[in-house]
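Chemist: A single structure is presented below for examination.
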Amino acid sequence: MADAGLWIFFACVLIGAGGGVLYDVLSPLRRLLVGRAPRFLAAFDGIFFVLFAAWFVFASVLLSFPDFRAYMFFGSMLGFLFYRKSFHRILDFLFKMLYNKIKNRGNTF
């Protein structure tokens, strides 16, 4: 039963990566509104943290996690940071490539 903690940790890493996706979904709206009024910055950060906490609780109930442990928090943060520092950049590069191909295709006519 000791290795169950390891599986829960890995699940929390994936939950944190899902939080990174959530951050990417909210990011364009945040940039749009915060650029016009910086007072919205704290509001969008608060909305993200509430939604991330709801996502974590939903996944915890769905996966039947035991009581909250510190390694769950660290796993979630590790997954979020992993997403933001690596996978996010890969997706960003691919979307820019796709955008440029579509944009250049329109200029060839």
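The values are calculated or read from the model by the stated rules, or taken from the named source; none is laboratory data. Note that the structure is predicted; figures quoted are calculated from it, not measured. Cβ coordinates were reconstructed from backbone atoms using ideal geometry, including for glycine residues, and neighbour counts include every protein chain displayed.
Chemist: Of all the residues that make up the stretch 43-57, how many are surrounded by 12 or more Cβ atoms within 10 Å (Cβ to Cβ), more than 12 Å from the chain's Cα centre (by Cα) and not small (Gly, Ala, Ser)?
Modeler: Residues flagged as surrounded by 12 or more Cβ atoms within 10 Å (Cβ to Cβ), more than 12 Å from the chain's Cα centre (by Cα) and not small (Gly, Ala, Ser) within the stretch 43-57 amount to 4.
Chemist: Can you find, within the stretch 65-89, the residue that is modelled with the highest pLDDT among those that are over 16 Å from Trp55 (Cβ atoms) and over 14 Å from the mean Cα position of the chain (by Cα)?
Modeler: Step by step, filter the stretch 65-89, then rank; the result is Phe74.
Chemist: Please tell me if Ser27 is of a type in the set (Gly, Ala, Ser), at pLDDT below 90 and under 15 Å from the mean Cα position of the chain (by Cα).
Modeler: On the way: of a type in the set (Gly, Ala, Ser): yes; at pLDDT below 90: yes; under 15 Å from the mean Cα position of the chain (by Cα): yes.
So Ser27 fits the description; yes.
Chemist: From the list Val13, Val21, exactly one residue is in contact with a Gly (Cβ under 8 Å, 6 or more places away or on another chain) and surrounded by 11 or more Cβ atoms within 10 Å (Cβ to Cβ). Which is it?
Modeler: Being in contact with a Gly (Cβ under 8 Å, 6 or more places away or on another chain) and surrounded by 11 or more Cβ atoms within 10 Å (Cβ to Cβ) holds for just one of Val13, Val21, which is Val13.
Chemist: Show the residue pairs that are 6+ apart or on different chains and have beta-carbon atoms under 6 Å apart, the first residue being within the stretch 56-68 and at negative phi, the second being at pLDDT 90 or above and not β-branched (Val, Ile, Thr).
Modeler: Taking only residues 6 or more apart or on different chains, the pairs are Leu63/Ala11.
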